[in-house]
1. Compute the semi-axes of the equivalent ellipsoid of segment A:202-256, taking the square root of 5 times each eigenvalue of the Cα gyration tensor, and list them largest first in whole Å.
2. Please report Rg over Rh for segment A:10-110, where both radii come from the alpha carbon positions and Rh follows the Kirkwood definition.
3. Give me the accessible area of residue A:434, 1.4 Å probe, in Å² rounded to the nearest 10.
4. If you plug each phi of segment A:237-250 into the Karplus form 6.51 cos²θ - 1.76 cosθ + 1.60 with θ = phi - 60°, what whole-Hz ³J(HN,Hα) values come out, in order, with x for Gly and Pro?
5. Output ³J(HN,Hα) for segment A:408-421: one whole-Hz value per residue in order, computed from phi by the Karplus curve 6.51 cos²θ - 1.76 cosθ + 1.60 with θ = phi - 60°, and x for Gly and Pro.
6. Looking only at Cα atoms, what is the convex hull volume of segment A:526-684 per residue, in Å³?
7. Can you give the relative contact order of segment A:406-466 as a percent, counting alpha carbon pairs under 8 Å and 6+ residues apart?
8. Pop out the ³J(HN,Hα) list for segment A:435-445 in order, Karplus 6.51 cos²θ - 1.76 cosθ + 1.60 with θ = phi - 60°, rounded to Hz; leave Gly and Pro as x.
Amino acid sequence: MIEQKKIELPTAYEPQAVEGKWYRFWEENGYFKPRPQAAGRPTFVISMPPPNVTGALHLGHAITATVEDILIRYHRMRGDDTLWVPGEDHAGIATQTVVERQLANEGTDRHKLGREQFLERVWQWVHQYKSRIQDQHRRLGASCDWSRERFTLDEGLSKSVREVFVRLYEEGLIYRGERIINWCPVCMSALSDLEVNHVDTQGALTYVRYPLKPLEGQEGDATEYISVATTRPETILGDTAIAVNPKDPRYAKLVGRLAVVPVIGREIPIVADEAVESSFGTGAVKVTPAHDPTDFEIGLRHDLPRVQVIGFDAKMTTEAGPYAGQDRYEARKNLVEELKSLGLIVKIEEYTVPLGRCQRSDTPIEPLISKQWFVKMAPLATPAMGAVKVGLLKIVPERFNKTYMDWLENIHDWCISRQLWWGHRIPVWYCDNCGQMTVSREDVTVCPHCESTRLRQDEDVLDTWFSSWLWPFSTLGWPEVTADLQRYYPTTVMETGYDIIFFWVARMVMAGIHFLGAVPFQTIYLHGLVRDAKGEKMSKSKGNVIDPLEVMDEFGTDALRFTLATSSTPGNDMKLVPERIVGNRNFANKIWNASRFVMMATAEAGDGVPEISEVTPRTLADRWILHRLARLTGEATRLIDEFQLGEAGRQINEFFWSDYCDWYVEIAKVQMREGDEQAQRATAGILRAVLDQSLRLLHPFMPFVTEEVWQHLYRTSVADAAQWPAPALIVAAWPESNSAALDEAAESDFDLLQEIIVRIRDARNQANVEPAKRVQVILAAGSQLATLTAQAPLIEFLARTEKPQLHASLPEKPAQSMSLLAGSVEIYLPLAGLLDLDKELARLEKEIATTELEIARIQGKLANEAFVTRAKPEVVQKERERLVEQQERLNKLRERRAELAN
RNA sequence: GGGCGCUUAGCUCAGCGGUAGAGCGCUUCCUUCACACGGAAGAGGUCACUGGUUCGAGACCAGUAGCGCCCACCA
């Protein structure tokens, strides 16, 4: 017995009222967990890119969660053993900066607190924001397995990090060395190359002349000079050489001589080095090994001293003589003034420099020499390139292959030590007794070399990405050989924004191959960035950030998800325009109301929700909607498998709104009203079956409204829940395309019917016929007579006509009629009194013109022998048929014109 | 200095080798018993430009222009 005959549901979908309920229901029933019992089915695994614990989720996270959830839900419905591992990232510098800022507001700082207390403060922060991020992912509907949630700093992952550090050290791939590194004077830490953003900045190219030291016996002669160009005059104080290209004839005789550094008077050699480009500046370069990467290299080649004139605080050091203590830019200004007064400035040109800035604090980076830990990358990069080359790893969209390859080919060693407190502390101990260093998986309290206890652990922590790059396997328990690791590694898809290919994706590939001998995922799917309506990147400082929570509050999660999923194509950025979200909120409402109608209309007639393969079409419309659904199902499945989620979503939307709601549901009203009980039952069955299938197709995109509606549908149709095909839509089977339902004839017949109806409606509009008025209609249907006779009631209802009068042909055209053509079917609307002859003639003229144009086009094509012989035969055939059709049409139009003209 | 992407209806975007599409906006009409977060109909594009490939090109190739992004140790 059906539970309720009277179905009372609100007339508008209320997302806020249902979303939380269904998320809890899914989670409590364990649907987010993998189903290893799905034996024989493939695994489908995604490691969720862990959001930083620095704050709230933004739209970038929302699109990530949406896309991944679509893939996960789709595969879950297909019966795959599906696992989505969530987690969060401790985000070293980012988090430490935020908490330090908080401390500053309280008038204290981390040094006053001490390391231990400070870390406690950070953990407090983390706990608070971690749960906030979890909640937000729940709001987004993310069906990830929370029982497997990981944090990059939790015990297990810390173990992975140490394991990796020690192994790489033992393999000689991690080393400690004094190198020139990117130093952020605000974060007070070294950074990797990736954490430096280059920004074109208006600067100056200052030409400075250095006096040469006179040769022996030349004292007293006029001073000789050598000029150089620099964008950073303050580093002059740290110059230890001047370099020229060895092939440069201008300077050949100066090589080997000494120049004198202005102001401080240091005597420095003029050396020849290939790195110098003769065509730039003066062709001579000042060399400051302590403050420039190129100069550092030159310094190595020529064994030059390194004089550090800028300190880690970005102020001039005592080496800077009179400038000691000044800020680097202040010193620049002052020094240039002094050089001017000394007459040593040749000229100053405007010049644009790519200034490196800290990704976090936006501070100009200072290249400084410092002792840091590095990972030797080349040996790791080679196999990572190989994986893509041989196709073990597929990148979608493919064009990012080049980005990936280019970076790996030119890879530099990775500076992994950070002068911070928040992060994985470097597992290295130094003995104050014997001076030896110990690298260990376990904490060390006694020096293994001398048994002293005077040990100090390295003060620094590791780059935050040093834990992230292990994510796909560290989250599964590695280095332990857990059941999860064995079953779910390698994962299936890595889905993330293209902006972190280098930071994260490429490094994960390297780590996966190196430590587990297998690429960590089969496919890398890269989505674009979400921008504001003007196309600008969203950022807090610009104040154009759209908060996904606010969007969800106002329009519902499904609307946001559907918008994010369908607003662009893979790898392309999207502008988030509010109108689009509104439109998709409306779509959710459309789903709701169509479903509400179907449930109400079929409550009496229905028995259950039939399987789509079991329903029997009785009418043309039945055949047509089943055909359309079958084709859609095949297409949607293919598109999702190809990661064309947007196109899949758009097609499902179009089917549901246009085909199902606008046409089939309207037709079903006629079939339900006019048919006998059997017809009613059949129609009700199709209404429900197609709705059921549509909800399944939509579920990955819009999980909440579809689950809500699906549950209503089954509760009102199949009283015994044990009889349902699944306990919930989230675990219902993804539809199979029912190829038996494919029916091209139904499609073309229905197209004709639609055209007839649309033309009549249009004519009524043109003639200003009262909407409620039923008009007379006479059809000359030719060969379509039988088909259309059966559809007469639909024309009557949908075009609001009287009972159509159908004929094969009309020996005499109805007088005082508007005449229309749909395909080759002639339509006459006797509209005595309403017919405006001039208007009608004008309309005919216009139609004749377009038809003639079309005929000319086809004739031209067919007259082209190359086309007839070379084009595919079916294309040629189609054009021929079209020509006949159009000519027939033209004849009829002309006839009609002649009649009216009389 | 390299590399990549975009340029299709007023706006936001699909389409990617065989008659130009969607949503929003616009015009007209409709409170017909699922939905006005709705329905019906309509107007509106030389698919940036120039060459080429092809019987046929928004769609493929080459180049140009504008916009955007990424990488980069010519100081």
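The values are calculated or read from the model by the stated rules, or taken from the named source; none is laboratory data. Not measured: the values here are computed from a predicted model. Note that each Cβ is placed from the backbone with ideal geometry, even for glycine, and that neighbours are counted across all protein chains shown. Areas reflect the complete protein model, heavy atoms only, side chains present, ligands, DNA and RNA absent. Shrake-Rupley method; radii C 1.70, N 1.55, O 1.52, S 1.80 Å.
1. Equivalent ellipsoid semi-axes, largest first: 23, 15, 10 Å.
2. Working: Rg = 19.1 Å, Rh = 16.8 Å.
Checking Rg against Rh, the ratio lands at 1.14.
3. Estimated to the nearest 10 Å², residue A:434 gives 60 Å².
4. 4, x, 5, 10, 6, 10, 10, 9, 6, x, 8, 7, x, 4
5. Ordered by residue, 3J(HN,Hα) equals 5, 5, 10, 5, 10, 5, 9, 7, 10, 8, 10, 8, 10, 10 Hz.
6. 124
7. On the way: 97 pairs, mean separation 25.7, N = 61.
So the answer I get is 42 percent.
8. So the Karplus estimates, Gly and Pro as x, are x, 7, 10, 10, 10, 8, 6, 9, 4, 10, 10 Hz.
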